[in-house]
Amino acid sequence: MSSAARSGSGSSRFVRRALGDRAPRVLSGPVTVCIDRPLLALDRPFTYELPEELGAGLGSVVQVPFHGRATRAWVLGETDDVPERMLRIRKLVTAVRSFDEPSLALFRAMSERYVAPLATVIGRAVPPRVASEETSPWTPPPRRPLPAPGTSRIETYRDGPRLLKALRTGRGAFVVRPAPTDEADVAVTCVAASLAAGRTAIVIVPDADPVPATARAVADVFGDDAVLFLGGDKRTRYRTWLEIAAGRWSVVVGTRPAVFAPLADLGLIYVDREGHAQHRDERSPSYHVRDVARLRAEIVGAASVLSAFCPSLEATAREHVLVEPAVRPWAPVEVVRPGPEGRSPRLIRALRSATRAFVFEPLRGYGVARVCRSCGEPAACASCLGMLRLERGSIRCVVCEAPGRCASCGATDFGIARRGAERVEEWARGVATVPVSLIGRDDPPRAPRAREVLVGGVEALKDVGSPGVDLVAILHADASLRRPGVDARERVLVTWFEAAAWARPDGRVIVQTDAPNDPAVQALVSGRPDRFRRAEAPRRAEAGFPVGSPVFRVTGGAELDRELAALEPATLLSSNVGGATICLVALDAGRVAGFGAEMRRLAAAGIVTRVEAEPHL
Ligand SMILES: [Zn+2]
Ligand SMILES: [Zn+2]
């Protein structure tokens, strides 16, 4: 069969198949719509009369008169609740439907969970329309037969067979800790199991550039069935979205927005490196991909898989099945005390004999200014009193980036305490028997080459496959653990696990620390993050932000304090910034819906101006 014969007319196929295999139902009479105005005060359905001849239905983009102006809106469905005065929907904007019933259920659940307007959620989930893409035809290439499902190491994992069974026929929430050498293979195997059952799959990765090794592996194996939905211009993104909705692809690999990819018959949503900061959207509705993945999987009856070397507290706080190797697949981790200038004798010896090594140094630059050489005062930035750092030969403020000048006398000559990646590179050159290089912030992330010692920070640690180096050294572990932030310690541990995963199973990992008994260090040494989680969960609860409790930052007027206190939240911290009241609120999970209703009421009353979800993560 020729590809042209299979495809039919492209544009009509989009319109007919966009969102769902069946022709979408045409509605008429009273319907509710979501007005495209992202305001909590307007976050409720409005009822309009939908004329049948428009051919519109659930998910249709329409134009309605709203406060006297033509406004965009989405049709949500029929309603019996008819107001006395009902305006008519004026026109249908496009024949392409923005969402179907299960997607709307997901958007509504997100609107409730994150206390965000439904219009904001839809605006994030559906890419901006490029009308010309709706009329250009597309021609699918002939489909390849699926790769025969081979045996995978995941079958030997604890609860691995249970996961594969769920992917073939069922649903469920899974957390997977792949062996470093299996990371891409586990994702490929899960997708293959879903496809073999006639279902589709979404794989979400944290980065688009460079494309993570796991994303590339899935795209390579599933070739003509898989599409990369990451990066790209507006036109490409909308076209890809249309193709997904039309059923052109069975596997979607992408970043955050891919969690909304309009695939039918979804069997799997796979989140790779689920603890990564990029999986959270900083803009409203501030969703985290792992939560949306679980929500959507529950709604459509699919399996969700959260994958990480060190699963986050959030991933494991909810009911799940843990899938992990039956035997430790990691290199052993040695803990040593830092010697003079952060160099332990054991690390020096290990670097001397290593031919391929990665030295993780989280601090940038060559050192920090300690004291002014002119006036003898402690060094501080003349503009903002910030810390001054020597990096690439010049001294700058780490806060405001102004050139380094003494706050007391204006001089520019400082005594430097040497520490940071540039200094490590320098001394490592004097020790190693192979070339030493430094990977900077602007360099593309990569693993060490054969016969190379690579020094780098967190920017270097991306999914580049399993490089299998001889030696991974983790420096400044203590300083990392002292960073501020509710989840800072967890992020550090996730980073260490990702660094350690670069070592060959029979290689070496050396951690330099003065706190060998810290639960984070112990978790890395034992390879068991649950130890760390047991210590960390009470710490977070004590700080007022228990794991799994929704947290909101609410901005508003002077009465805000009193109104929020009346809701009796688990935690309420309040401050006044420039005339606005800003409150941090933690709730028990079961109380979000009631809280959201109250925030919408207070927004309509002008008391609440802004609600942000999870500002602490
Ligand atoms: Zn400064
Ligand atoms: Zn001075």
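Data overview
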| read-out | value |
| --- | --- |
| Kirkwood Rh and Cα Rg combined as Rg/Rh, segment 173-220 | 0.96 |
| Tensor-based shape of segment 200-293 (alpha-carbon gyration tensor, a/c under 1.5 rounded, otherwise prolate or oblate) | rounded |
| For F414, residues with placed amide H under 5 Å, excluding near neighbours | R373 |
| Mean separation of Cα contacts under 8 Å (6+ apart) over length of the chain, as relative contact order % | 12 percent |
| Relative contact order (%) - segment 351-437, alpha-carbon pairs under 8 angstrom, separation at least six | 36 percent |
| Modelled FRET efficiency - R0 25 Å, D265 with R90, Cβ distances, 0.05 increments | 0.10 |
| Tensor-based shape of segment 481-617 (alpha-carbon gyration tensor, a/c under 1.5 rounded, otherwise prolate or oblate) | prolate |
| Within-15-Å neighbourhood charge of E155 [Cβ basis; K, R +1; D, E -1] | +1 |
| Coil-residue GluC sites (Glu not before Pro) of segment 268-376, DSSP, other Cβ within 10 Å capped at 11 | E282, E319 |
| Low-density loop cleavage sites - trypsin sites (Lys or Arg not before Pro) in segment 389-441, where at most 12 other Cβ are within 10 Å (DSSP) | R392, R441 |
| Counting all C-alpha pairs of the chain, share separated by more than 42 Å (%) | 33 percent |
| Spatial separation of Cα centroids for segment 467-488 and segment 162-189, in angstrom | 28 Å |
| Local electrostatic count, A166, Cβ distance below 12 Å [Lys/Arg +1, Asp/Glu -1] | +4 |
| Residues of type aspartates and glutamates that K234 reaches as a straight line, Cα spacing below 12 Å, ignoring anything fewer than 8 places off in the same chain | E133 |
| Cut-off 13 Å, label 7 Å out along Cα→Cβ of V336, residues of segment 502-533 by amide N | 508-513 |
| Relative contact order for segment 187-250, counting Cα pairs under 8 Å that sit 6 or more residues apart, in percent | 30 percent |
| Accessible carbon and sulfur surface of the chain relative to its total accessible area, %, 1.4 Å | 50 percent |
| Nitroxide proxy distance, nm - points 7 Å out along Cα→Cβ at D478 and A317 | 3.1 nm |
| Virtual spin-label span in nm between V434 and R44, 7 Å along Cα→Cβ | 6.7 nm |
| Residues whose placed amide H lies under 5 Å from that of V453, excluding near-sequence neighbours | A357, V436, S437 |
| Dipole moment magnitude, nearest 20 debye, the chain about Cα centre, only Lys, Arg, Asp, Glu C-beta charged | 900 debye |
| Percentage, to the nearest whole number, of Cα pairs in segment 253-398 over 18 Å apart | 74 percent |
| Net charge of Cβ neighbours under 15 Å - reference A411; Lys, Arg +1; Asp, Glu -1 | +1 |
| Sites V130 and R37, calculated FRET efficiency, Cβ-Cβ separation with R0 25 Å, nearest 0.05 | 0.65 |
| Å² per residue, accessible surface of the chain at 1.4 Å | 43 Å² |
| Inter-label distance, nm, simple model (7 Å from Cα along the C-beta direction), E542/D514 | 2.1 nm |
| Contour minus Cα-Cα distance for R441 and A535 (0.36 nm per residue) | 30.6 nm |
| Contour excess over end-to-end distance, with Cα ends at C375 and V398 and 0.36 nm allotted per residue | 6.1 nm |
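The values are calculated or read from the model by the stated rules, or taken from the named source; none is laboratory data. Because the structure is predicted, anything quoted here is derived from the model rather than measured. Neighbour counts are summed over all protein chains in view; Cβ atoms, including those assigned to glycine, are modelled from backbone coordinates with ideal geometry. These accessible areas exclude ligands, DNA and RNA; they are computed on the full protein's heavy atoms, side chains included. Shrake-Rupley method; radii C 1.70, N 1.55, O 1.52, S 1.80 Å.
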